[in-house]
Each structure stands twice: as C-alpha cells, then as structure tokens.
Amino acid sequence: MKKLFAFTALAVAAAGAFAQDFPGGKPITIVVPFAAGGPTDRVARDLAEAMQKPLGGSPIVIDNAAGAGSTIGNAKVARAKNDGYTLLVTHVGMATTPVLYRKLSYNYETDFEYLGMINDVPMTLIGKPQLEANNFAQLREWIGKNSGKVNLANAGIGSASHLCGLLFQSELKAEMTTVPYKGTAPAIADLLGGQVDLLCDQTTNTTSQIEAKKVKPYAVTTLKRLSTPALKDIPTLDESGLKNFQVTIWHGLYAPKGTPAPVLKKLNDALKVALKDPDFIKKQEGLGAVVVNDKRVEPAEHKKFVQAEVARFGPIVKAAGVYAD
Ligand code: ASP
C-alpha cells in the first residue's frame, strides 16, 4: 500500500514537472485533415506561426492527413499520444462527420480535448472560368437547363463545401453530380482547369481567385454582403432568391483526450495570445474570416458549440438523405 502511494506520488510529480516544462523546445505537430494549400491548412499555418512565440519558440509543424472529409486526420489525432505534442485544427467537419458517417473510428465528444475556437469563415459560390453564366440568375437558368449534368466539387463527405453543396442543391431542388477531393486546393485546381463546374468554399481560398478574376463569383453565403474589398460587390444567396440561405463555418483547436490539464492550459493560453496577435487578425480579415471573441476560446464553450452544431446538422442531413460508411 505504502509502495503504491509512493509510486503514485512519484508519477504525479513527474507529470507536473513534464507539464511545467512543456513544450520545452520540442516540436509540436498540428494535424490538418485536408490537403495542403486549402483553407483549413491556411488557418492552421497562420495559427502555428502566431502560437509559436507564446509557446516559448517551439517549432510547430503541419501534418496534412487528408481524406474522407477530414475523418482520417481526426482519427489520427484521437489515437495520438496525449502529451500535447499532437494537435488538430479542423473546421465544421468536427460536427458534420458524426452526422454524415454511419460509422466513425472516433467519438467527437469523448476522444478529444477541446482547446478553443479560432474563427468564423463565410463561403462563396464560384464557377469555372469557362461558364457562360455571369451572375446568379444566369447560373440558375443554366443549372435548370443542364439538370443532372452539372458537376459540383467538394472536399469530401462531411466537408464544409459538401455541406454548402447539399444545402444549395436542396434549395434549388436541382440534382448535381458531386465530385469529392481531399481538400479545397485540389478542387480549385480542377475548377480552374474546367474539369468541374462549381464549388462552394471558404473565402480563405476563394478570395484571391476572385480578385485575380480566375473564377466566376456568383454569391456569398452570408445574410449580409461581406466587407472584404475583393468580395464586397458579390450578392448574397439570400438576396439572389434563396431566402435565408446562410452557411458560415468555423475552425477549432483540439488535443487527444487525456492530455494533462496543465498542458491544456498552456495550449489554451497560447491560443488566446495568438488570437489577439494583430498580424494574425489582419491576415484573417483579409481573407474574409473573423477571429472569435474571448468567450468562444474557452474549452467548455467550444465543446458546447460543437454539440449544438451536431444537433443542428442532424435534421439537415436527414432531409438530404446523404450518409456515408
Ligand atoms: N474547404 C474545405 C472544405 O470544403 C476543406 C479544406 O481544404 O480546408 O471543407
């Protein structure tokens, strides 16, 4: 009994010393469950840069574990060593995949520590440069005439673009062929090449394409027009006839379940510092994203929000009748 007590006390002391030392100059990996060069990747890379200083200068590297609408990367972090050196940055997929997938190898509520939210990001409906439609009304007409032949790209089942596409098709009552990719980066590459017709994706990546006039912008998915200079003249879907159409997605930071509390506290503190970094805020604003307020960086609030999002998407998915195995 005495021996067990001594051993437990020793283990607690060792964990305390480890937490005090964390991250101790050792590299931290942020898993991004989508392809490099896409919106989630971009947010994670900017965040990694902003979190490095408050974490004592430890290098933060990105691991793109892309595929299956973010479920591969999410599962990787759920199974990773819970020492604070493996984290996850993902988006609304944390809430859509439990609804869309019949079976997942992880549980979004019990396999992760919630570290806080990062930002809210609107989306844009864009088309390949070769499309003849120059505005939403013309696009709607074109879709009507080409029923069953229109290709709509997305970043996999459960991705933000998939969600937006589902809502768009159900509002228009139009059947489109969905083409899944491992992330927005390869989807946009094919859109630019004319292999797919349409994509609804975060402003984080579409803004520069719209600005360079490389794609056709048809609408934004917010109820009010955006203020970002490159996007301010693009109409909302709501004003274009799809009343109340609204999709804004969000990103959050996670660690594997059981990561020691003092390590979680250090990571949450570093996240809070990063979200106040003027450089980070400016970069986000330039991409149409809005950094969350202090309340939403609290882990308990973050988890509550994701649970509410899961409840919100359940009926939407059920109505669309789309599930994945
Ligand atoms: N924007 C993508 C999505 O549709 C994911 C990504 O590449 O970040 O979910």
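Nothing in this text is a laboratory measurement; each read-out follows from the coordinates by a stated rule. Bear in mind that the values here come from a model prediction, so they are computed numbers and not experimental data. Counting neighbours? That spans all protein chains shown, and the Cβs are built from the backbone with ideal geometry, glycine included.
Points worth noting:
- Unit charges on C-beta of K, R, D, E only; dipole of the chain, Debye: 520
- If the Kirkwood radius is taken over C-alpha pairs of region 125-197, then at 4 °C and 1.567 mPa s the Stokes-Einstein diffusion coefficient equals 105 µm²/s.
- Links that overshoot a 21 Å alpha carbon limit, given the list LYS128/LYS283; LYS257/LYS303; LYS182/LYS295: LYS128/LYS283; LYS182/LYS295
- Averaged over residues, the count of other Cβ atoms within 10 Å places the peptides 148-154, 34-40 in the sequence 34-40, 148-154, highest first.
- For region 289-321 and region 211-262, distance of Cα centres in Å: 15
- Protection proxy ranking, highest mean first, for peptides 105-117, 161-173: 161-173, 105-117, where packing is the per-residue count of other beta-carbon atoms within 10 Å, averaged.
- Taking a ≥ b ≥ c as the square roots of the eigenvalues of the Cα gyration tensor, an a/c ratio of 1.5 or more together with a/b larger than b/c marks region 136-262 as prolate.
- Angle between the chain longest axis and helix 261-275 axis [Cα atoms, degrees, rounded to 10]: 40
- For region 185-243, alpha-carbon Rg over 2.2 N^0.38 Å: 1.12
- With respect to the chain, whose longest principal axis is taken over its alpha-carbon atoms, helix 299-320 is tilted by about 30°.
- In region 12-163, taking the dipole from charged Cβ atoms about the Cα centre, the farthest positive-side position among GLY56, GLN20, PHE136 is held by PHE136.
- Dividing the radius of gyration of the alpha carbons in region 36-120 by their Kirkwood radius gives 0.95 for Rg/Rh.
- Quarter of Cα convex hull surface for the chain, i.e. mean projection, nm²: 17.1
- Over 27 Å [Cα-Cα, region 182-325], rounded percent: 37
- Antiparallel DSSP beta bridges within the chain, as percent of all bridges there, nearest 5: 60
- Extension gain, ASN244 to LYS103, is 47.6 nm, computed as 0.36 nm per intervening residue step minus the present C-alpha separation.
- Helical contribution to [θ] at 222 nm, DSSP H n ≥ 4, -39,500 (n - 2.57), averaged over the chain, rounded to 500: -13500 deg cm²/dmol
- Each Cα pair of region 52-173 feeds into the Kirkwood radius, which the Stokes-Einstein equation turns, at 4 °C and 1.567 mPa s, into a diffusion coefficient of 75 µm²/s.
- With each label modelled as a point 7 angstrom along the Cα→C-beta vector, the GLN195-LYS257 pair spans 3.8 nm.
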